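Undergrad: Input: one structure, supplied below.
The values are calculated or read from the model by the stated rules, or taken from the named source; none is laboratory data. Everything numeric in this text was worked out from a predicted model, so none of it was measured. So basically every Cβ, Gly included, is an ideal-geometry build from the backbone, and we count neighbours across all protein chains shown. What goes into the accessible areas is simple: the full protein's heavy atoms, side chains included, and nothing from ligands, DNA or RNA. Shrake-Rupley method; radii C 1.70, N 1.55, O 1.52, S 1.80 Å.
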Amino acid sequence: MRIVATFVFVCLFALPASAFTPDDGELAQLLHRNYGALSSWEAEMSFADHPGVTVHLWYARGKWRQEWKAEDKALAVGLNGNVSAKCTVGEFPLSPLFVWMVPNPVETWKSWGVDNATASYGFCDESPCYMFGADPGDTTSPAVFMHNESFAPLLIRYGSGSGLTTVEYGNYRTLGGFGVPQSVTVTTGGRVLWATVKWIAVNRADGQELYAPDAVDGAPCAEPPAPFDMLRDIFRYPAVR
């Protein structure tokens, strides 16, 4: 039994001990190789706990457009964590997909408080992954956990106005040569929101007219039903440190 236990222990820790850990420049090159050509995307999010509510998303290098659809439609455009124009009277929520694959990811993650001095290999849902900013037992430090081969983000964790925020991306598929997540889970402020992502296109949402503030009709619109309010109240874009 002691021999078996030793073998299991060695197998569990052989990957973290022997795997190549890239420095900032090497990690940036790996991400650029796999995602550098991804200039824009279009997708739709839906929510199992809130049937009949969807949000159509367009994204291009930090610029974004959202169209929430239920009985009526609500529209907003913006850049990163800022809303440039909206049709609702109150605040407009941000999408957790906007922090998934940002421009210049390594430098951006570091600006969100991810400590590049800490990096290791561990396990995410029993699969090997690369942990940037935290050791395997650390559950609170800002960090980005990535697939150990494609370096696609599996988890992004950061501090926000509503407390520690964790966004998990799963059920990856390949679209246009890029790995894209089909599920998103947001945990923050003691609340959890699950969403499913239907991907429509990659590199076909670069038209600047999509993101122009004057593309938003000046007429006011009704606020969509939940989870519009939940996402608006609990989810915050990472603050730059």
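Undergrad: If a residue must be over 11 Å from K86 (Cα atoms) and not in a loop (DSSP other than H, G, I, E, B), how many such residues does segment 210-241 contain?
TA: 8
Undergrad: Can you work out which of the residues in segment 55-80 that are more than 18 Å from I200 (Cβ to Cβ) and more than 16 Å from the chain's Cα centre (by Cα) is surrounded by the fewest Cβ atoms within 10 Å (Cβ to Cβ)?
TA: Only one residue tops the list, namely E71.
Undergrad: Can you tell me which residue is farthest from P103 (Cα to Cα) among those in segment 41-54 that are crowded, with 18+ Cβ neighbours inside 10 Å and in contact with a Lys or Arg (Cβ under 9 Å, 6 or more places away or on another chain)?
TA: V53
Undergrad: Still on this structure, please answer the following. Would you please list the contacts, defined by Cβ atoms under 8 Å and residues six or more apart or on different chains, that run from a residue in segment 206-227 that is without any contact (Cβ under 8 Å) to a residue 24 or more places away in the chain and open to solvent by 70 Å² or more (accessible area, probe 1.4 Å) to a residue that is among the small types (G, A, S) and assigned to a helix (DSSP H, G or I)?
TA: E209/A215
Undergrad: Here's something else I'd like to know. Can you tell me which condition T88 does not meet? The list is (1) surrounded by fewer than 19 Cβ atoms within 10 Å (Cβ to Cβ); (2) over 18 Å from the mean Cα position of the chain (by Cα); (3) assigned to a loop (DSSP other than H, G, I, E, B); (4) modelled with pLDDT of 95 or more, and all the others hold.
TA: If we test T88 against (1) surrounded by fewer than 19 Cβ atoms within 10 Å (Cβ to Cβ); (2) over 18 Å from the mean Cα position of the chain (by Cα); (3) assigned to a loop (DSSP other than H, G, I, E, B); (4) modelled with pLDDT of 95 or more, just (1) comes out false.
The rows are residues; the columns are (1) charged (D, E, K, R); (2) open to solvent by 20 Å² or more (accessible area, probe 1.4 Å); (3) modelled with pLDDT under 95; (4) in a helix (DSSP H, G or I).
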position	(1), (2), (3), (4)
D135	yes, yes, yes, no
T139	no, yes, yes, no
S150	no, yes, yes, no
L154	no, yes, no, no
R157	yes, no, no, no
V167	no, no, no, no
V184	no, no, no, no
V192	no, yes, no, no
K198	yes, yes, no, no
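Undergrad: Given A143, A119, which one is in contact (Cβ under 8 Å) with a residue 12 or more places away in the chain and either touching an Asp or Glu at 6+ places or on another chain (Cβ under 6 Å) or surrounded by fewer than 21 Cβ atoms within 10 Å (Cβ to Cβ) (or both)? Before the answer, list the steps.
TA: Details: A143 fails: either touching an Asp or Glu at 6+ places or on another chain (Cβ under 6 Å) or surrounded by fewer than 21 Cβ atoms within 10 Å (Cβ to Cβ) (or both).
On inspection, the qualifying residue turns out to be A119.
Undergrad: For F178, work out the one condition from (1) modelled with pLDDT under 95; (2) surrounded by 13 or more Cβ atoms within 10 Å (Cβ to Cβ); (3) not charged (D, E, K, R) it doesn't fulfil.
TA: F178 satisfies every listed condition except (1).
Undergrad: Looking only at residues that are outside any loop (DSSP other than H, G, I, E, B) and surrounded by 17 or more Cβ atoms within 10 Å (Cβ to Cβ) in segment 122-133, which one is farthest from the chain's Cα centre (by Cα)?
TA: So in segment 122-133, the residues outside any loop (DSSP other than H, G, I, E, B) come out as 122-124, 127-132.
If we keep only those that are surrounded by 17 or more Cβ atoms within 10 Å (Cβ to Cβ) as well, we get 122, 124, 129-132.
Details: G122: 20, C124: 16, C129: 16, Y130: 16, M131: 15, F132: 15 Å.
So, considering only residues that are outside any loop (DSSP other than H, G, I, E, B) and surrounded by 17 or more Cβ atoms within 10 Å (Cβ to Cβ), the one farthest from the chain's Cα centre (by Cα) is G122.
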